[in-house]
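Input: a single structure, listed below in structure tokens.
The values are calculated or read from the model by the stated rules, or taken from the named source; none is laboratory data. Since we're looking at a predicted model, the values are computed, not measured. Ideal geometry is used to build each Cβ from the backbone, glycine not excepted, and the neighbour counts take in all protein chains shown. Keep in mind that these areas ignore ligands, DNA and RNA; they rest on the heavy atoms of the full protein, side chains included. Shrake-Rupley method; radii C 1.70, N 1.55, O 1.52, S 1.80 Å.
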Amino acid sequence: MRPKAMKYFDRLEINSFLEFDSLVSAGKKIVGIYCEFSPRELILAADAIPICLCGYSHDKIAPAEAILPSMLCPLIKSSFGYVVTESCPFFISSEFVIAETTCDGKKKMYEILQRYKPIFVLELPQKPDDSEAFKHWSSEIKKLKEYIENKLNVEITDDRLKEAIKLMNEERRTLKELQECMKSDPVPMSGYDMSRVFGRVIDRKIYTSHVKELIDELHDMISRGDLDGKSDAKRILLTGCPTGLGADKILKLTEECDAVIVCRESCTGMKSVDMNVDESKPPLEAIAEKYFKLPCSCMTPNKGRLDLLDRMIKDFKVDGVIDLTWEACHTYNIESYLVAEHIKNRHNLPTLHIETDYSDSDTAQLKTRIEAFLDILW
């Protein structure tokens, strides 16, 4: 039986527009972000609303290709397509946009994006074990704080930062607890439905309250044995590039083949909520530490991703791993070799690497590949 609390998340896109209109009418300022490396706490402490602008619509890619090269990550093209078609009210209403330098494609796209909106380029050093790199990152976080204060004409105090940290930590804890419901065998809900919960968040308090409602319902379903999944369904971990509504064909296809996506490692999954900001440390320092530890494929070496995968494979009793790379995402594409090698050597599990885009043109081929992969798990 499908959880009744999914009703809110089925309408998450509609609800986000309603919440957005309400907050803007109340005088709230909007700040656009494109990545998990952009600290939402700094924006919230400035009494503004951080809104993710990442694009997951295939329809927005063609307009973007009038300016950007066709052989570019679909996430970048779709995100930019919303801008050039003036079809994203969140971008239009943003005071400015935080642009982190995770990959070359995004970095150069931002040079064109600044024609449409003020941009703060958040330079991300990419050596996570280097103390000098962290010093530079801490300096960037301080510069971002000052930029936000100047742009929004507000003082970001330590007290405001601490309040924002508590809010975001509570959201992350709640989302992590939700995902951990999928440790149940059978699972209480589909992996596709779980992915729908991780959509665009506008009013964080309203959103978190609905996530808690869903958790309560899932715990009740688990305790009663009223579970959605099949007991013999193969349990799949999805890793790699982020997915979103409209760019979720791998989730759909995998579960159409009677497997279940029990967990997702990506930045629209466990990666984003696995670590909290340390509330015992000076707030700006703690924020810098938390975000610098995100195990993105742009980091080198990216041992954090392998460590997270180790825990998830064990905790969620995974049978196999699907590693998704969006076309032309070179960091994830190259890292897929290291991921598959590590999972084979450490866990003796097979990995299916899929490189694709947002279109449906390869759906039949992908389904055949996924079916063949699942066959070897029996």
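Scanning segment 78-87 for residues that are in a helix (DSSP H, G or I), open to solvent by 10 Å² or more (accessible area, probe 1.4 Å) and either in contact with a strand residue (DSSP E or B) (Cβ under 6 Å, 6 or more places away or on another chain) or not hydroxyl-bearing (Ser, Thr, Tyr) (or both) yields a count of 1. Screening residue 372 with (1) touching a Ser or Thr at 6+ places or on another chain (Cβ under 8 Å); (2) closer than 25 Å to residue 234 by Cα; (3) open to solvent by 50 Å² or more (accessible area, probe 1.4 Å) gives one miss only, at (1). A single entry from 90, 96 fulfils the requirement of being surrounded by 18 or more Cβ atoms within 10 Å (Cβ to Cβ), touching a residue at least 60 places away in the same chain (Cβ under 8 Å) and not in a helix (DSSP H, G or I): 96.
Answer yes or no: is there a residue in segment 222-235 that is touching a residue at least 24 places away in the same chain (Cβ under 8 Å), hydrophobic (A, V, I, L, M, F, W, C) and either within 13 Å of residue 3 (Cα to Cα) or open to solvent by 60 Å² or more (accessible area, probe 1.4 Å) (or both). Yes: one or more hits.
Okay, residues lined up against (1) touching a residue at least 40 places away in the same chain (Cβ under 8 Å); (2) touching a helix residue (DSSP H, G or I) at 6+ places or on another chain (Cβ under 7 Å); (3) among the aliphatic types (A, V, I, L, M):
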| residue | (1), (2), (3) |
| --- | --- |
| 76 | no, yes, yes |
| 83 | no, yes, yes |
| 101 | no, yes, no |
| 114 | no, no, no |
| 127 | yes, yes, no |
| 132 | no, no, no |
| 150 | no, no, no |
| 159 | no, no, no |
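Scanning segment 89-104 for residues that are farther than 16 Å from residue 29 by Cα and more than 18 Å from the chain's Cα centre (by Cα) returns a single hit, 104.
Scanning segment 29-77 for residues that are surrounded by fewer than 20 Cβ atoms within 10 Å (Cβ to Cβ), among the charged types (D, E, K, R) and either assigned to a helix (DSSP H, G or I) or at pLDDT below 95 (or both) returns a single hit, 59. Residue 289 falls short on exactly one of the conditions (1) in contact with a helix residue (DSSP H, G or I) (Cβ under 9 Å, 6 or more places away or on another chain); (2) crowded, with 20+ Cβ neighbours inside 10 Å, and that condition is (2). Of the candidates 335, 279, the single residue that is charged (D, E, K, R) and not in a loop (DSSP other than H, G, I, E, B) is 335. For first residues located in segment 171-193 and over 23 Å from residue 206 (Cα atoms), partners that are open to solvent by less than 30 Å² (accessible area, probe 1.4 Å) and in a loop (DSSP other than H, G, I, E, B) and lie 6+ apart or on another chain with Cβ distances below 6 Å form the pairs 183/316; 186/229; 187/229. Reported count of residues in segment 286-319, each being more than 26 Å from residue 41 (Cα to Cα) and part of a loop (DSSP other than H, G, I, E, B), is 5. Within segment 331-343, at least one residue is open to solvent by 40 Å² or more (accessible area, probe 1.4 Å), more than 14 Å from residue 238 (Cα to Cα) and among the hydrophobic types (A, V, I, L, M, F, W, C). Within segment 344-369, if we keep just the residues that are over 25 Å from residue 298 (Cβ atoms) and without any contact (Cβ under 8 Å) to a residue 24 or more places away in the chain, the residue that is least open to solvent (accessible area, probe 1.4 Å) turns out to be 362. When you look at residue 205, is it at pLDDT 95 or above, open to solvent by 40 Å² or more (accessible area, probe 1.4 Å) and touching a strand residue (DSSP E or B) at 6+ places or on another chain (Cβ under 8 Å), yes or no? The answer is no for residue 205. For segment 236-262, a tally of residues being open to solvent by 10 Å² or more (accessible area, probe 1.4 Å) and assigned to a strand (DSSP E or B) returns 2.
Given (1) open to solvent by less than 30 Å² (accessible area, probe 1.4 Å); (2) over 30 Å from residue 378 (Cβ atoms); (3) in contact with an Asp or Glu (Cβ under 8 Å, 6 or more places away or on another chain); (4) assigned to a helix (DSSP H, G or I), identify the lone condition not met by residue 144. With respect to (1) open to solvent by less than 30 Å² (accessible area, probe 1.4 Å); (2) over 30 Å from residue 378 (Cβ atoms); (3) in contact with an Asp or Glu (Cβ under 8 Å, 6 or more places away or on another chain); (4) assigned to a helix (DSSP H, G or I), residue 144 is out only on (3).
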